[in-house]
Amino acid sequence: MGNARGKTASPLPSNALSRTLKAAQKLNGVTDVEVRTDLPQHEKISNALAILLDSEMGKGARLPEYRKALELIAIAWNISLLPASERAEAIQKLSDLPPALAKALGRGAIPHIERLIARKLELFPSDNRWIVSFEANFREDYLHITAAAFSRPAGATQQQQPGRQS
């Protein structure tokens, strides 16, 4: 099987784009969304996710394992964007999830997410994009990741995150 580093760039699938645009419409004050499909590979959010995923997974993992790891990475990434004073509360809320959701995250997810937050901050300290959708699938012999993210509006402060009123 493949690994996350073997992925290539491709346009965001229409179903992921549709989900992303619906998420944009739910954000407070979002009236205009710019879809960028011309980013070089090293600037794509999927590339950043692949780097984190590659450091988490060994070769030969199965698709469900990649997807679960990618989900934890996306959760950790978005929590890392919160002000430091709010991260602990967000992580605590993860431990208060309903049993079915907690089971889906898996045992030991909280320490794992905390480690992933530290890794994201180490590797991508100034990347403040909010991950809003992601997919992982095998294509031939490699894992292909597609993802979409939002950036803070120009002039927004750390306290003005998407979906929050200021």
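The values are calculated or read from the model by the stated rules, or taken from the named source; none is laboratory data. Every value quoted in this text rests on a predicted model; they were computed, and no experiment measured them. When we count neighbours, we look across all protein chains shown, and the Cβ atoms used for this are built from the backbone with ideal geometry, even at glycine.
Filter the stretch 33-46 for residues that are surrounded by fewer than 19 Cβ atoms within 10 Å (Cβ to Cβ) and either part of a helix (DSSP H, G or I) or of a type in the set (D, E) (or both) and give the result. Break it down stepwise before answering.
Of the stretch 33-46, the ones surrounded by fewer than 19 Cβ atoms within 10 Å (Cβ to Cβ) are 33-43.
E34, D38, Q41, H42, E43 - these are the residues of the stretch 33-46 that are surrounded by fewer than 19 Cβ atoms within 10 Å (Cβ to Cβ) and either part of a helix (DSSP H, G or I) or of a type in the set (D, E) (or both).
Within the stretch 11-67, how many residues turn out to be small (G, A, S), at pLDDT 90 or above and over 20 Å from W77 (Cα atoms)?
Start the filter on the stretch 11-67 by keeping residues that are small (G, A, S), which leaves 14, 16, 18, 23-24, 29, 46, 48, 50, 55, 58, 60-61.
With at pLDDT 90 or above added as a condition, the list becomes 46, 48, 50.
Filter again for over 20 Å from W77 (Cα atoms), leaving none.
Matching residues across the stretch 11-67 total 0.
Go through the stretch 58-86 and report how many residues are more than 16 Å from the chain's Cα centre (by Cα) and either buried (at least 20 other Cβ atoms within 10 Å of the Cβ) or not acidic (D, E) (or both).
Residues in the stretch 58-86 being more than 16 Å from the chain's Cα centre (by Cα) and either buried (at least 20 other Cβ atoms within 10 Å of the Cβ) or not acidic (D, E) (or both): 10 in total.
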